[in-house]
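First comes the structure, then the notes that go with it.
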Amino acid sequence: MARVSGGDLNLHWARRLVAGLVGAGVRRAVISPGSRSTPLALAAASAPELTVDVLPDERTAAFFALGQARATCRPSVLICTSGTGGAHYLPAVVEASQATLPMVVLTADRPPELHERGALQTTAQMGLFGTHVRAALDLGAPVDEERALAGVERTAAVAVARSLDPRPGPVHLNAPFRTPLEPASLPPEPEPGPPPPRFFPARRVPPAEAVQALAQVCREARRGVILAGPLKLGEGLALAPALALSRRLGFPLLAEAASQLRFAGAGQGVIGLFELLAPPLAGPSLRPDLVLQLGAFPTSMRWGKWLASEDACPRWVVVAHGWADPADRAAGVVVGDVDLALGALVRALGDGHPADPRWAERWRRAEEVVRAVLAEAEAQEAAAGCLSESGAVRAVLAAVPPGGLVAVANSLAIREVDLACPPELARVGVLAQRGASGIDGTISAAAGAASVAPSPVTAVLGDLAFLHDVGGLATCRHARQPLVLVVLANEGGRIFELLPLADGRLPRRVVDELFVAGQPVRLAEVAAGFGVPYRLAATGPELKLAVREAHRGGGVSLIEARISGVGVRERREALQAAVAARLGETA
């Protein structure tokens with residue numbers, strides 16, 4: 001091969017780097033324009049295997065890539081210039097790390113001789129993401145040596161592998177380039193070299209000793225519950241073995257919205273409306289003697305508080321990665337793919353019968369009480385012409401296309417779905433940002449999911465989450481599936497009404513000003529500024545119709561669900577009181 005230098009060498013080097021990523025299975029690149037990243041952008045754009053999205057804002061670009069990973073469980077590559085560009089990736093990198101989602105972060109950099117000299121757009125980029133990445137590799141400035149070129153290709157493949165195994169997450173590649181950055185011309189793609197080795201991430205089977213220990217605990221329990229916390233989209237495979245375990249032990253399967261198990265199919269025997277049945281609120285008749293936690297710690301504040309208390313029953317955790325016990329009270333942690341772990345547990349238990357055959361039926365009857373109370377509240381709301389947060393999410397879930405994806409924001413939105421949406425209401429996958437559990441990047445991540453998903457995406461978020469990522473509206477034009485954004489317009493962060501600071505110990509004015517922090521923004525005008533069609537809905541039927549029509553129309557649209565009626569705290573207390581009274585009557 002003829003010797004190359006300057007911009008031609010930079011492009012040749014970048015093409016070998018991209019070839020390594022593509023050979024390892026990367027199919028999507030998200031580029032934020034910049035000068036120092038010129039070779040990387042040109043190489044990615046010329047790779048026929050890559051689908052490229054160009055998003056100028058690195059923060060929204062990173063959440064867009066995060067949404068792609070959440071929908072596919074495969075890494076996208078992020079490409080940005082030097083300086084502060086990569087720093088804007090940090091929030092999404094943190095979320096990817098804690099949610100165990102794969103991502104390859106590729107930052108262009110100035111060469112070593114420009115560092116510590118006051119050069120423009122030059123900062124220490126190695127270590128930028130700290131402990132939030134699975135690996136951080138500096139590629140060094142390009143050199144025209146075949147061993148180095150082959151090495152950068154293989155290093156790219158290693159980066160993809162590290163993003164997938166043994167614990168999925170982000171990987172940082174730092175690529176310094178010397179000027180000139182631009183090639184003399186765009187030469188044809190070089191002849192491909194030997195492909196990188198194929199990498200197959202392991203599926204983790206828990207050790208037999210752990211399965212036997214958990215089986216013994218389950219045999220000794222009489223009134224256990226299987227509590228499915230947040231799981232990734234691909235972990236919905238756990239539904240069949242979880243149901244088999246539920247039938248074998250007589251333990252009800254309580255599935256959160258973000259567990260991928262609640263809305264996997266009606267009539268499966270899954271209990272979804274259990275938020276209002278958390279111990280000790282539901283009384284001793286529903287108090288379990290064992291909790292088998294699947295996946296992350298539950299989103300529910302009430303269940304979480306009880307599980308962290310000294311009054312809680314023993315709890316065992318089955319999780320694919322990590323520890324998943326922030327309460328520090330788990331009696332055992334079994335690490336392995338949840339579906340494989342549950343399948344092994346069912347086989348270890350063998351044939352048998354539930355220790356207490358009436359226990360699961362007691363839970364089903366209690367859930368029917370919750371259903372009746374919620375239905376009555378919804379009817380009263382409709383008669384008054386009001387729309388609560390729970391009424392809004394019920395309307396949305398009832399209207400989304402079957403087989404689609406629903407992206408639910410954190411704080412109040414996900415908790416309202418948990419509270420009010422029964423399993424038969426929808427058949428969808430749920431995308432939830434439950435790693436670091438922030439409200440940032442919600443729109444961008446939903447747009448990223450809609451750029452790769454095979455089905456429509458509906459996002460449900462509060463007005464503060466919307467404003468936090470208002471720039472994400474610019475990413476929505478990259479959605480390749482219909483994307484409907486439903487904003488719960490309740491004038492601020494109403495999740496704070498459920499926290500102890502709102503129980504009367506602080507003046508309401510202080511709570512509203514410092515925490516709820518409602519912002520006077522006209523959503524219609526914001527949507528118009530980004531060219532996004534807008535619609536207002538003030539009742540449940542209006543919202544249901546708006547969601548259906550938005551999906552039939554295709555493209556991107558924004559629906560403002562105007563919330564009215566009593567506050568979140570008052571509504572939940574009324575629902576809890578009604579459920580407790582009905583359960584007392586049936587005891």
Of the peptides 49-60, 93-104, how do they stack up when ordered by the mean number of other Cβ atoms within 10 Å, highest first?
93-104, 49-60
Sequence order, the stretch 117-127: Karplus ³J(HN,Hα) from phi using 6.51 cos²θ - 1.76 cosθ + 1.60, θ = phi - 60°, Hz rounded, Gly and Pro as x, gives 10, x, 5, 5, 6, 10, 8, 6, 8, 5, x
Using a simple charge model, +1 on the beta-carbon of Lys and Arg, -1 on the beta-carbon of Asp and Glu, nothing else, what dipole does the chain show about its Cα centre, in debye to the nearest 20?
880
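Take the Cβ-Cβ distance between R364 and D311 as r, set R0 to 30 Å, and report the resulting FRET efficiency rounded to the nearest 0.05. It would help to have the intermediate numbers written out before the result.
Working: r = 25 Å, r/R0 = 0.82.
Rounded to the nearest 0.05, the efficiency is 0.75.
Taking 2.2 N^0.38 Å as the expected size of a compact globular protein, what ratio does the Cα radius of gyration of the stretch 458-587 give against it, to two decimals? Let's see the in-between values first.
Working: Rg = 17.8 Å, N = 130, 2.2 N^0.38 = 14.0 Å.
Relative to the rule-of-thumb radius for its length, the stretch 458-587 sits at 1.27.
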For the stretch 247-288, inverting the pair-averaged 1/r of distinct alpha-carbon atoms gives a Kirkwood value in Å of 11.4
Once Rh is set to the Kirkwood radius over Cα pairs, what Stokes-Einstein translational diffusion coefficient, in µm²/s, holds for the stretch 87-168 at a temperature of 4 °C and a viscosity of 1.567 mPa s?
91
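Rounded to a whole number, what % of the accessible area of the stretch 432-547 do carbon and sulfur atoms account for, probe 1.4 Å?
Working: 2730 of 4800 Å².
That fraction is 57 percent.
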Expressed in square angstrom to the nearest 10, the accessible area of S564 with a 1.4 Å probe stands at 50
May I ask you to compute the full-extension gain from R167 to T123, defined as 0.36 nm times their residue separation minus their alpha-carbon distance, rounded to one decimal in nm?
12.9 nm
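Mind giving me the FRET efficiency for R505 and R329? R0 is 22 Å, r the Cβ-Cβ distance, nearest 0.05 is fine.
Details: r = 27 Å, r/R0 = 1.23.
Result of the calculation: an efficiency of 0.20.
Can you list which of the trypsin sites (Lys or Arg not before Pro) found in the stretch 465-516 are DSSP loop residues with at most 16 other C-beta atoms within 10 Å?
Values: sites: R477, R480, R494, R505, R508, R509; in loops: R480, R505.
Listed in order of number, the matching sites are R480, R505.
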Degrees, to the nearest 10: 208-220 long Cα axis against longest axis of the chain:
20
Here, E585 and S455, labelled 7 Å along Cα→Cβ, have an inter-label distance in nm of 3.8
Once you have the Kirkwood Rh of the stretch 78-134 from its Cα pairs, apply Stokes-Einstein at 4 °C and 1.567 mPa s and quote D in µm²/s.
107
Please give, to one decimal in nm, the separation of the simple spin-label points placed at R427 and T51, each 7 Å out from Cα toward the Cβ.
2.4
For the stretch 151-271, what is the charge dipole size about the Cα centre, in debye to the nearest 20, if Lys and Arg each add +1 at the Cβ and Asp and Glu each add -1 at the Cβ?
720
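What is the calculated FRET efficiency for D138 to R203, with r their C-beta to C-beta distance and R₀ = 35 Å, to the nearest 0.05? Intermediate values should be presented prior to the final figure.
Details: r = 32 Å, r/R0 = 0.91.
Efficiency, rounded to the nearest 0.05: 0.65.
Plugging the Kirkwood radius over Cα pairs into Stokes-Einstein for the stretch 355-403, at a temperature of 4 °C and a viscosity of 1.567 mPa s, what D comes out in µm²/s?
Working: Rh = 12.9 Å.
Here the translational diffusion coefficient equals 101 µm²/s.
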Using protein chains only and a probe of 1.4 angstrom, how many square angstrom of F200 are accessible, to the nearest 10?
140
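Give me the percent of accessible area attributable to carbon and sulfur for the stretch 221-288, probe 1.4 angstrom.
Numbers: 1070 of 1840 Å².
The computed percentage sits at 59.
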In the stretch 318-398, what percent of the accessible surface is made up of carbon and sulfur (1.4 Å probe, ligands and nucleic acids excluded)?
50
Over the Cα atoms of the stretch 421-504, what Rg and Dmax result, in angstrom?
14.4, 48
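Taking Cα pairs under 8 Å and at least six residues apart, what relative contact order does the stretch 429-587 come out at, in percent?
Rounded, it is 23 percent for the stretch 429-587.
Using only Cα atoms, figure out Rg for the chain and give it as a multiple of 2.2 N^0.38 Å. Mind showing how you got there, number by number?
On the way: Rg = 25.5 Å, N = 587, 2.2 N^0.38 = 24.8 Å.
Taking the Cα Rg and dividing by 2.2 N^0.38 Å, one obtains 1.03.
Kirkwood hydrodynamic radius (Cα pairs, Å) of the stretch 321-371? Before the final figure, lay out each step's value.
Details: mean 1/r = 0.0702 Å⁻¹.
Taking the inverse mean of 1/r over all distinct Cα pairs, the stretch 321-371 comes out at 14.2 Å.
Restricting things to Cα coordinates, could you compute the convex hull volume per residue of the stretch 231-388 in Å³?
Details: hull volume 20.3 nm³, N = 158.
Hull volume normalised by residue count: 129 Å³.
In units of 2.2 N^0.38 Å, what is the alpha-carbon radius of gyration of the stretch 15-56?
Values: Rg = 9.7 Å, N = 42, 2.2 N^0.38 = 9.1 Å.
Ratio of Cα Rg to 2.2 N^0.38 Å: 1.06.
In debye to the nearest 20, how big a dipole does the stretch 506-587 give about its Cα centre with +1 on each Lys and Arg Cβ and -1 on each Asp and Glu Cβ?
Values: 12 positive and 9 negative charges, 26 e Å.
Rounded to the nearest 20 debye, it is 120 debye.
Relative to the present Cα-Cα distance, how much length would full extension add between A87 and A383 at 0.36 nm per residue of separation? Intermediate values should be presented prior to the final figure.
Values: separation 296, 0.36 × 296 = 106.56 nm, distance 5.06 nm.
In short, 101.5 nm is gained.
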Which distance in nm do the two modelled labels at L281 and L186 give, with both placed 7 Å along the Cα-to-Cβ direction?
5.9
Could you give the accessible area per residue of the chain, probe 1.4 Å, as a whole number in Å²?
40
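The values are calculated or read from the model by the stated rules, or taken from the named source; none is laboratory data. Keep in mind it's a predicted model, so treat the numbers as computed, not measured. We place every Cβ from the backbone using ideal geometry, glycine too, and count neighbours over all the protein chains shown. Accessible surface is based on the protein model in full, side chains and every heavy atom, while ligands, DNA and RNA are left aside. Shrake-Rupley method; radii C 1.70, N 1.55, O 1.52, S 1.80 Å.
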